[in-house]
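The values are calculated or read from the model by the stated rules, or taken from the named source; none is laboratory data. In this text the structure is predicted, and so the values were computed from the model without any measurement. Every residue, glycine among them, receives a Cβ derived from its backbone with ideal geometry; neighbour counts consider all protein chains shown. Accessible surface is based on the protein model in full, side chains and every heavy atom, while ligands, DNA and RNA are left aside. Shrake-Rupley method; radii C 1.70, N 1.55, O 1.52, S 1.80 Å.
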Amino acid sequence: MKIQLAACLFLLIGEILTPAPKPAPRINGPLVYGSRPGHPFLYRIPCQGERPISFSVKGLPIELKLDASSGIISGTTPSKGEYQVVIEAKNPKGKDKRNFRIISGEKLALTPPMGYNHWYAHYNRITGRMMREAADVMISSGMADVGYQYVNIDDCWMNAPKNRDPKRVGPLRDAVGNIIPNSYFQDMKGLTDYIHAKGLKAGIYTSPGPLTCGGFAGAWQHEEQDARQFSSWGFDFLKYDWCSYGERENSVEAFQKPYIQMGTILKNMDRDIVFNLCQYGMGEVWKWGGEVGGNCWRTADDLGYELDRIFDVALKNCEYRLYSKPGEWNDPDYIQIGWIGSADRQAIPELTPMPAAMQYAYMSLWSLMAAPLIYSGDMSKLDEFTINVLCNPEVIEVNQDPLGECALVVKKTDKCFLMIKNLADGSRAVGLFNRGNSSAKVQVDWSELKLTEKQIVRDLWRQKDLGEFSGQFSAEVPSQGVVMVRINNKN
Ligand code: GLA
């Protein structure tokens, strides 16, 4: 009976692969972090393990201070240069230590941004209270302990000229042109203060057109005024859409125009604001997104709820792999697992029907592609399985690798393919994917990795060494699933 119950549960929720965090501290997150000189600095050290944990940092520039119990580093970014520090975390069960490089310079988002965006769960139902709750859950669920950091509002925080919810209708701007948030967002500064107090960052959304995609007030003819407002409210991330700005058939110059304008405005702000271009890949944005000041750009239309497209979307996104680099990321849209709302804008979140194996594939694809890892689902309903998919530090380490390489796709057939990503320490991450309807054996040959010697292979989802292999490695990969490994010739 017990066994039957376990089998049923397993089918229902999927097998948990990520080992539970150990009680001793384990420091996670990027190895390198960029900020602009003289700007406010805020970084919460991602660290798993039983709290209280006591943090210390060797070599911290004097402009920065550490709160030893929360692990939050704050202050003012020191003058241009590289600062190599050593982070230590200790609790009665053990300690951990890690090198961390702070780069004070022009570039932000030296590793793909990680965080949360409300869109695919709450659409035009979002409120300031829900965003505060998302920040709470980012901490309580352990997401922040593996590197999730941005808590981003999407569309529908402003007023709309017309909307089925009268509380979202009102004057778009005040007498001097300042944008007016709708009645669900009465205290924007209070909201970012709340998020910042947890060591997290806040993001906001607008469009260069008169109206956003959801029909709310856009930044048209108020671009600088709005950016200043976002900055003074304390936002750290701006998603800049396209809706109502212009045609989708256009010249590259026309596509670039609003992003050059906003990119320049943001560069002159006195705080770091990561710039996220959301124009669906028009004008081959990957070729110029970085030049206009973008830190990441969507390479295609909305992923939406047609989640059986994740493999195709990822394979397409990989075609632009050479444009992926630190500070400049191709964005195939959000991670939609757990409780999400369907593409019908009014739909209330429901548990994703996506098979467990495919959810692991989803997260592996995004990690191997060095895509922004932005979770878009209902934070108030995060379940154990979803957290296990979102929060595997060894998988995330591949995403956050400082080289910033997007994986190369090889050996692609109708059903199976490999993704190979070179990592900064000389090892390789490999995803063995199977899109077929039954499990399949997938093989990677050392020649494909330009390797000859014996290699140690580690299963990243299970965080387990599989042994030493000569010439090749193969695995039985579940239908719609992945086996993700790290290949290394060092012990
Ligand atoms: C567009 C974007 C989505 C979301 C909506 C908001 O469709 O691509 O990510 O921001 O607008 O209306």
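Structure values in brief
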item: Answer from E350, E328 - the residue that is at pLDDT below 95 and either open to solvent by less than 10 Å² (accessible area, probe 1.4 Å) or in contact with a strand residue (DSSP E or B) (Cβ under 9 Å, 6 or more places away or on another chain) (or both); result: E350
item: Residue satisfying all of: in region 183-198; open to solvent by 10 Å² or more (accessible area, probe 1.4 Å) and not in a helix (DSSP H, G or I); farthest from the ligand (Cβ to nearest atom) among these; result: K198
item: Selection from region 138-150 of residues that are part of a helix (DSSP H, G or I) and either among the small types (G, A, S) or over 22 Å from A89 (Cβ atoms) (or both); result: S140, A144
item: Q472 being crowded, with 20+ Cβ neighbours inside 10 Å, free of Cβ contacts under 8 Å to residues at least 40 places away in the same chain and over 19 Å from L315 (Cα atoms); result: no
item: Residue within region 380-396 that is more than 13 Å from the chain's Cα centre (by Cα) and farther than 24 Å from A135 by Cβ present; result: yes
item: Only listed residue being open to solvent by 20 Å² or more (accessible area, probe 1.4 Å), among the charged types (D, E, K, R) and within 16 Å of the ligand (Cβ to nearest atom), chosen from D333, D383, D344; result: D344
item: Residues that are at positive phi and within 19 Å of the chain's Cα centre (by Cα), drawn from region 29-78; result: G29
item: Residue list for region 296-322, restricted to those being small (G, A, S) and open to solvent by 30 Å² or more (accessible area, probe 1.4 Å); result: A300
item: Which listed residue, of L42, L17, L31, is open to solvent by 70 Å² or more (accessible area, probe 1.4 Å), at pLDDT 95 or above and either under 22 Å from E397 (Cα atoms) or touching a Gly at 6+ places or on another chain (Cβ under 6 Å) (or both); result: L31
item: Among the residues listed as G218, G234, G209, the single one being surrounded by 24 or more Cβ atoms within 10 Å (Cβ to Cβ), among the small types (G, A, S) and more than 8 Å from the ligand (Cβ to nearest atom); result: G218
item: Single unsatisfied condition, A370 versus (1) buried (at least 24 other Cβ atoms within 10 Å of the Cβ); (2) within 16 Å of the ligand (Cβ to nearest atom); (3) among the hydrophobic types (A, V, I, L, M, F, W, C); result: (2)
item: Close pairs (6 angstrom Cβ cut-off, 6 or more residues apart or separate chains): on the phi < 0 side of the Ramachandran plot in region 113-127, assigned to a helix (DSSP H, G or I) anywhere; result: Y116/A134
item: Pair list, Cβ under 6 Å, 6 or more apart: region 30-52 residue within 17 Å of I387 (Cβ to Cβ) and among the polar types (S, T, N, Q), other residue open to solvent by 30 Å² or more (accessible area, probe 1.4 Å) and in a strand (DSSP E or B); result: Q48/R26
item: Looking only at region 427-457, and only at residues there that are within 24 Å of the chain's Cα centre (by Cα) and under 30 Å from F100 (Cβ atoms), the one that is most open to solvent (accessible area, probe 1.4 Å); result: R428
item: Some residue of region 274-295 being of a type in the set (V, I, T), within 16 Å of the ligand (Cβ to nearest atom) and either surrounded by 18 or more Cβ atoms within 10 Å (Cβ to Cβ) or on the phi > 0 side of the Ramachandran plot (or both); result: yes
item: Unmet requirement for D154, which otherwise passes all of (1) among the charged types (D, E, K, R); (2) surrounded by fewer than 17 Cβ atoms within 10 Å (Cβ to Cβ); (3) within 16 Å of the ligand (Cβ to nearest atom); result: (2)
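Residue-wise test of (1) in the same structural domain as A356 (by TED's automatic domain parsing); (2) at pLDDT 95 or above.
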site: I387; (1), (2): yes, yes
site: T413; (1), (2): no, yes
site: K421; (1), (2): no, yes
site: N434; (1), (2): no, yes
site: L451; (1), (2): no, no
site: R462; (1), (2): no, yes
site: G467; (1), (2): no, yes
site: G471; (1), (2): no, yes
